[in-house]
Amino acid sequence: VVGCRVSTISEGAKIDNLAPVLSSDLKQRINKQETLSQIADLQNIRASQELVVFLQNPDVDIRAKAALAFASIQQPEDLPLLIKQLRSEPAPDVREKLAFAIGQLHDPQSFDILKSIFEQEKADIVK
């Protein structure tokens, strides 16, 4: 249409600037997608220490994605952290991914640790 101008949101625009036009649910979904993207970026640069904060996130999907990022990074020095998280994680889906991350380290110590944890595990998805 002649004379019409289409406005776009620049890549750097903040969600807060759009607050009047976005629903609360939509803002949460956008924030979640940005967080998942940050996790992927940290995974790509193998920054496991920066991923730790995402394992404490209240959102199960974010914790699960962070656990999978640890599985991809495979840093042996992350073993104590991953074991601690596995023992305290309430969500079976996240525990499964943490167990996978520990297995990806191929650390001989991890076999006995995982075995003892799995003996107490009730969720089949984790076993």
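Structure data summary
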quantity: Estimated FRET transfer efficiency when R0 is 25 angstrom, pair residue 109-residue 45 (beta carbons, to 0.05); calculated: 0.40
quantity: Full-stretch length increase - residue 26, residue 123 - with 0.36 nm per residue and alpha-carbon distance subtracted; calculated: 31.7 nm
quantity: Eligible lysines near residue 122 by straight Cα distance, threshold 23 Å, same-chain separation 8 or greater; calculated: 65, 84, 97
quantity: Extension gain, residue 100 back to residue 61 (0.36 nm per residue minus Cα-Cα distance, nm); calculated: 12.5 nm
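Values quoted throughout were computed directly from the atomic coordinates according to the rules given, and no laboratory measurement underlies them. Owing to the predicted nature of the structure, the values given are computational and were not obtained by experimental measurement. For neighbour counting, all protein chains shown are included, and Cβ atoms are generated from backbone atoms with ideal geometry for every residue, glycine included.
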